[in-house]
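The structure under discussion appears below in the form of structure tokens.
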Amino acid sequence: MRETRSDGELLRAVADGDRRAFEELYRRYAPWLTARLRGRCADPGVVDDVVQETFLAVWRGTAHYREDGDVAGWLWRVGARRLVDVLRGDGARGRLRQTLARLRHRHEASAEERVLAGVEHGDLAGALTRLSPELRAVLQATVIDGLTTREAAVLLGIPPGTVKTRALRARRRLREELA
């Protein structure tokens, strides 16, 4: 019986075109990646597509692994980026739309700038931990991940109106906590 290969050995073999190594890597990590992505997106079809695209990128060599990191963490980063791309509309058109939106609103403070300003005036980490998981999830999707209300709704599996209400409630609670 053959010894189990390390993740690094598998990735080197995959880079050399070894289909069995690819299949072993897929069996080892696809269920885990699927479970993690389902925690971020309520649509199982989207998650399955993202997992497939992630592993296709590994097979084709378009996702580059630096040998000093954790393979699971690397696969998670590749998969999470692909999920965000899918939810944002993917591709150059989505990136162009985001760039134009940023240029249009340059004079306005970004959500990140407003959060960082809050750090100076209070215990942001403590205030965030005191929010309910539902409110934190909406903040993560809209502020940290930068998703639109509609994208966050798809990701969280809730109506867009609920995303707006929870975001408003979360901002209000953070303002009260940090004042």
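Every number in this text was worked out from the coordinates using simple rules, so none of it is lab data. What you see is a predicted model, and the numbers here were worked out from it, not measured in a lab. With ideal geometry, Cβ positions are generated from the backbone for all residues, glycine too; neighbour counts draw on all protein chains shown.
Protection proxy ranking, highest mean first, for peptides 127-137, 74-84: 74-84, 127-137, where packing is the per-residue count of other beta-carbon atoms within 10 Å, averaged.
Tally Lys/Arg at +1 and Asp/Glu at -1 over every other residue whose Cβ is under 12 Å from the Cβ of ARG136; what's the total?
Net local charge, ARG136 excluded: +3.
Taking a point 7 Å from the Cα of ARG77 along the Cα-to-Cβ direction, the residues of region 11-50 with backbone N closer than 18 Å to it are 11-12, 33, 37.
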